[in-house]
Amino acid sequence: MAFPIRIVPRYRLILRYDIRADVMDSYYEFVMNEFVPSLQSMGIYMAGVWQTAYGSYPNRQLEFLGDSREIFREVFQSERWEILEAKLQTFTYNYDRKLVRYQQDRFQF
C-alpha cells in the first residue's frame, strides 16, 4: 500500500494562462498524463487548479507546492522543465509563471 507523500510546503508555484480552444483535448491529456506526474517525480506537488469564471484574468491557474526554494531552482534549471514548460505553452497563451512563499489557507495570485 502506498502512503501519501508528506511535505512541509514553503513555496508555491503559480502558473496562469488561457487555454487555446483548438487544442483543449490535447492540453488535458498532456497536463494529466505528462506535466503533473513529471513535476511530482521532481518533488513538486499539485495543490490546486482554479478556473476563472468572470473577469480579465487568465482562465486557468495551476498551483504546485514544494518544501524548499532549492527544489524549484533545480527543477527550473533542468532540461526536463524546459521541455515541459515549452510544451505547455504550445497549448496556451497569456502564460505567466510565479514562485511565491507559501501562505497557508490563502488564495495567492
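Does Gln40 satisfy the criteria of being touching a strand residue (DSSP E or B) at 6+ places or on another chain (Cβ under 8 Å), assigned to a loop (DSSP other than H, G, I, E, B) and either modelled with pLDDT under 95 or not β-branched (Val, Ile, Thr) (or both)? In short, no.
Looking only at segment 43-61, which residues are outside any loop (DSSP other than H, G, I, E, B) and surrounded by 14 or more Cβ atoms within 10 Å (Cβ to Cβ)? Within segment 43-61, Tyr45, Met46, Ala47, Trp50, Arg60, Gln61 qualify. Can you tell me which of Phe30, Phe64 is in a helix (DSSP H, G or I) and either surrounded by 12 or more Cβ atoms within 10 Å (Cβ to Cβ) or without any contact (Cβ under 8 Å) to a residue 24 or more places away in the chain (or both)? Just one listed residue meets the conditions, Phe30. Apart from one condition, Arg20 fits all of (1) among the basic types (Lys, Arg); (2) surrounded by fewer than 17 Cβ atoms within 10 Å (Cβ to Cβ); (3) touching a Leu at 6+ places or on another chain (Cβ under 7 Å); the exception is (3).
The residue that is modelled with the lowest pLDDT, among those in segment 43-66 that are over 16 Å from Arg101 (Cα atoms) and of a type in the set (A, V, I, L, M, F, W, C), is Ala53.
Restricting attention to segment 68-106, the residues being within 15 Å of the chain's Cα centre (by Cα), modelled with pLDDT of 95 or more and assigned to a loop (DSSP other than H, G, I, E, B) number 1.
The values are calculated or read from the model by the stated rules, or taken from the named source; none is laboratory data. What you see is a predicted model, and the numbers here were worked out from it, not measured in a lab. Glycine gets a Cβ as well: all are built from the backbone with ideal geometry, and neighbour counts include every protein chain shown.
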